[in-house]
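Student: Shown below is the structure under consideration.
The values are calculated or read from the model by the stated rules, or taken from the named source; none is laboratory data. Keep in mind that what you see is a predicted model, and the values were worked out from it rather than measured. Please note: Cβ atoms are built from the backbone with ideal geometry, for glycine as well, and neighbour counts cover all protein chains shown.
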Amino acid sequence: MMRTKKIITKILAICSVVFLNTVDASETNDAEMTELVKRSYQYVALFNTLNNFVVQPKNPFATGSWNETHYPKGLMDASVRAIPRPNNDTLYVLSMLDLRKDPVVIQYPAFDSRFVSLETSALDHYCNIPLATSKGDFKQAKTMLFYSARTEGYNGEPVEGVDEIIQMSGDFATAFLRVMPEANDPAKFKANMDAISQVKLQTLSEFQGKPAKPVEPVKMPKYGNDQMVFSNNFQEVMQFVFNHTTFDKNNEMDQAALAALKTAGVEPGKQYDASKVPVLDGKQLSAVAAKIAAEQGDIWNDPEKAKPFTYKLFHPKGQMDIDTMVLQSVVGPLGQPASEAMYPGIGTTDGKPMNAMHDYVIRMSKDELPPAIAFWSATLYDTKQGFFIPNKENKYSVGQNAGMKLNKEGGIEIHIAAEKPAGVPAENWLPITRKDMGIDVIMRIYQPNLEKMKTWTAPKAEMIK
């Protein structure tokens with residue numbers, strides 16, 4: 001009798017596993033699926049983004065492996081096709097961190113620049129700015145140590161020679177340095193490029209003169225774009241992310257994410273086993289993710305809808321809400337908070353989209369210039385792909401870094417034209433190719449005066465030809 005009970009119990013256990021893994025996708029309603037996608041989007045987006053910065057050969061910023069740094073050779077130009085709306089103002093110095101076996105120490109030099117900002121983020125996409133010229137940093141060299149709650153053999157104790165210790169919220173992370181190189185001043189540009197080459201990444205062991213600890217190769221799930229992950233290997237990716245992320249029991253967003261993913265068979269500390277997790281319909285997941293992405297795009301492209309999010313984006317844990325997190329994860333991971341930079345778009349006086357079949361002028365008086373404490377710029381892109389428009393002048397933006405000339409009253413006219421208009425300084429000309437192509441201009445305001453930004457209005461482009 002006892003043996004019979006054991007056999008029945010075993011059969012029931014097997015049946016329950018089989019049932020768990022053959023859940024009819026129709027039983028997961030749209031609201032539940034939407035909640036699952038929203039609570040996981042930040043992790044999926046950063047999983048793809050960080051991997052893209054490490055091993056994607058087509059990415060011009062790829063480091064090639066973890067615990068390496070990408071060093072830029074100069075400002076981006078029209079050859080850059082890996083990212084939409086590339087930055088023509090700051091250089092990206094990307095360090096990709098694997099904190100499993102050993103802390104990572106990075107030495108940052110001083111810079112002679114109006115704007116330098118260090119952003120850090122792990123797989124949960126909370127953004128921190130530990131160093132910035134806006135805080136008075138980078139006037140002298142500084143040595144930073146990064147570790148996580150799971151870093152072997154280290155618990156945050158002081159280290160001789162280290163100025164600041166930062167506990168990251170995950171084992172895989174980025175230390176993303178942005179440097180305005182003062183490209184319009186040859187001497188400063190050279191000095192800042194030399195300084196960039198002095199950024200030095202080492203493991204703690206190496207920093208202390210010891211041999212580097214052996215590190216097991218990263219068994220990373222396949223990455224790609226967000227839709228691919230939601231469609232093909234969502235649970236595998238999320239299990240990996242959750243095993244390398246620190247969750248706060250007092251943080252509402254952390255706890256909501258844990259609860260949502262538990263229904264999908266994902267919990268911190270588990271090993272992924274496809275036979276032991278509920279079967280989810282990848283097509284349904286991907287469709288819901290695509291719908292959410294489209295909704296976020298509509299918000300981002302509508303100034304009135306986007307306005308409530310202006311000052312809420314790219315903040316640390318405890319200062320974010322789920323709607324803002326989804327927006328930043330969909331539209332552009334690893335941005336900066338409003339205190340460091342803001343990105344207003346420029347519309348037209350007639351309300352029609354700009355097109356390269358016409359020339360335009362953007363006028364600002366001295367009092368209408370952006371309220372930037374560091375500097376500002378206006379950058380031209382093609383609308384469809386978000387790339388720089390190729391031109392023999394290699395000119396893609398107007399501003400302190402790329403060059404500009406104010407008029408005698410302290411204002412400026414920025415001309416978008418196929419040929420440089422007579423009397424217009426070359427610095428204030430954004431060249432276009434005369435063809436039927438949508439174009440748009442994005443302003444970047446670095447270290448904005450947040451109080452003045454509340455009443456400042458972005459200029460509009462006027463069609464003149």
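Student: Looking at GLY153, GLY224 in this structure, which one is part of a loop (DSSP other than H, G, I, E, B), touching a residue at least 24 places away in the same chain (Cβ under 8 Å), surrounded by fewer than 17 Cβ atoms within 10 Å (Cβ to Cβ) and in the same structural domain as PHE247 (by TED's automatic domain parsing)?
Tutor: Of GLY153, GLY224, the one residue that is part of a loop (DSSP other than H, G, I, E, B), touching a residue at least 24 places away in the same chain (Cβ under 8 Å), surrounded by fewer than 17 Cβ atoms within 10 Å (Cβ to Cβ) and in the same structural domain as PHE247 (by TED's automatic domain parsing) is GLY224.
Student: Looking only at residues that are within 21 Å of THR433 (Cα to Cα) and among the acidic types (Asp, Glu) in segment 355-412, which one is nearest to the chain's Cα centre (by Cα)?
Tutor: Here the residue is ASP382.
Student: Then there's this: List the pairs whose first member sits in segment 399-412 and is at positive phi, whose second member is loosely packed, with under 14 Cβ neighbours inside 10 Å and of a type in the set (Gly, Ala, Ser), and whose Cβ atoms are under 9 Å apart, counting only residues at least 6 apart or on separate chains?
Tutor: GLY403/ALA426; GLY410/SER365
Student: Now, a different point. Select from segment 16-44 the residues that are hydroxyl-bearing (Ser, Thr, Tyr) and modelled with pLDDT of 50 or more and list them in ascending order. Step through it out loud before you land on a result.
Tutor: From segment 16-44, those hydroxyl-bearing (Ser, Thr, Tyr) are 16, 22, 26, 28, 34, 40-41, 43; that's our starting set.
Result: THR28, THR34, SER40, TYR41, TYR43.
Student: Just checking, does segment 307-325 include any residue being of a type in the set (Gly, Ala, Ser), assigned to a loop (DSSP other than H, G, I, E, B), over 30 Å from LYS408 (Cβ atoms) and in the same structural domain as VAL398 (by TED's automatic domain parsing)?
Tutor: no
Student: Of ALA45, ALA62, which residue is among the small types (Gly, Ala, Ser) and in contact with a Pro (Cβ under 6 Å, 6 or more places away or on another chain)?
Tutor: Exactly one of ALA45, ALA62 is among the small types (Gly, Ala, Ser) and in contact with a Pro (Cβ under 6 Å, 6 or more places away or on another chain), namely ALA45.
Student: Still on this structure: Where residues in segment 63-115 are over 29 Å from ASN155 (Cβ atoms) and among the hydroxyl-bearing types (Ser, Thr, Tyr), which of them is surrounded by the fewest Cβ atoms within 10 Å (Cβ to Cβ)?
Tutor: SER79
Student: Considering only residues that are out of contact with any helix residue (DSSP H, G or I) (no Cβ under 8 Å at 6 or more places or on another chain) and closer than 21 Å to THR348 by Cα, look in segment 403-421 and name the one that is surrounded by the most Cβ atoms within 10 Å (Cβ to Cβ).
Tutor: If we take residues in segment 403-421 being out of contact with any helix residue (DSSP H, G or I) (no Cβ under 8 Å at 6 or more places or on another chain) and closer than 21 Å to THR348 by Cα, then ILE416 is surrounded by the most Cβ atoms within 10 Å (Cβ to Cβ).
Student: OK, next. Would you be able to say whether some residue in segment 54-62 is surrounded by fewer than 16 Cβ atoms within 10 Å (Cβ to Cβ) and closer than 21 Å to MET193 by Cα?
Tutor: No: zero hits.
Student: Count, please, the residues in segment 34-80 that happen to be in a loop (DSSP other than H, G, I, E, B), aliphatic (A, V, I, L, M) and within 18 Å of the chain's Cα centre (by Cα).
Tutor: Number satisfying all stated conditions: 3.
Student: Residue check: is ALA289 part of a loop (DSSP other than H, G, I, E, B) and buried (at least 18 other Cβ atoms within 10 Å of the Cβ)?
Tutor: Against the criterion (part of a loop (DSSP other than H, G, I, E, B) and buried (at least 18 other Cβ atoms within 10 Å of the Cβ)), ALA289 does not qualify.
Student: Within segment 163-183, track down each residue that is touching a strand residue (DSSP E or B) at 6+ places or on another chain (Cβ under 6 Å), surrounded by 15 or more Cβ atoms within 10 Å (Cβ to Cβ) and over 18 Å from SER148 (Cβ atoms).
Tutor: Answer for segment 163-183, where residues must be touching a strand residue (DSSP E or B) at 6+ places or on another chain (Cβ under 6 Å), surrounded by 15 or more Cβ atoms within 10 Å (Cβ to Cβ) and over 18 Å from SER148 (Cβ atoms): LEU177, ARG178, VAL179, PRO181.
Student: Something else now. For ALA141, indicate whether it is crowded, with 24+ Cβ neighbours inside 10 Å and not assigned by TED's automatic domain parsing to the domain that holds ALA256.
Tutor: So ALA141 does not fit the description; no.
Student: Where the second residue is not in a loop (DSSP other than H, G, I, E, B) and the first is assigned by TED's automatic domain parsing to the domain that holds PHE115 and lies in segment 79-90, which pairs have Cβ atoms under 6 Å and are six or more apart or on separate chains?
Tutor: ARG85/TYR381; ASN88/THR379; ASN88/SER397; ASP89/SER377; ASP89/ARG444; THR90/ARG178; THR90/VAL179
Student: Follow-up. Return the pair list, or none, for Cβ contacts closer than 8 Å from residues in segment 336-363 that are touching a residue at least 40 places away in the same chain (Cβ under 8 Å) to residues that are basic (Lys, Arg) and in a loop (DSSP other than H, G, I, E, B), at least 6 apart or on different chains.
Tutor: ALA356/ARG434; ALA356/LYS435; MET357/ARG434; MET357/LYS435; HIS358/LYS465; ASP359/LYS465
Student: Here is a follow-up. Can you tell me which condition VAL424 does not meet? The list is (1) of a type in the set (Val, Ile, Thr); (2) surrounded by 13 or more Cβ atoms within 10 Å (Cβ to Cβ); (3) assigned to a loop (DSSP other than H, G, I, E, B); (4) touching a residue at least 60 places away in the same chain (Cβ under 8 Å), and all the others hold.
Tutor: (4)
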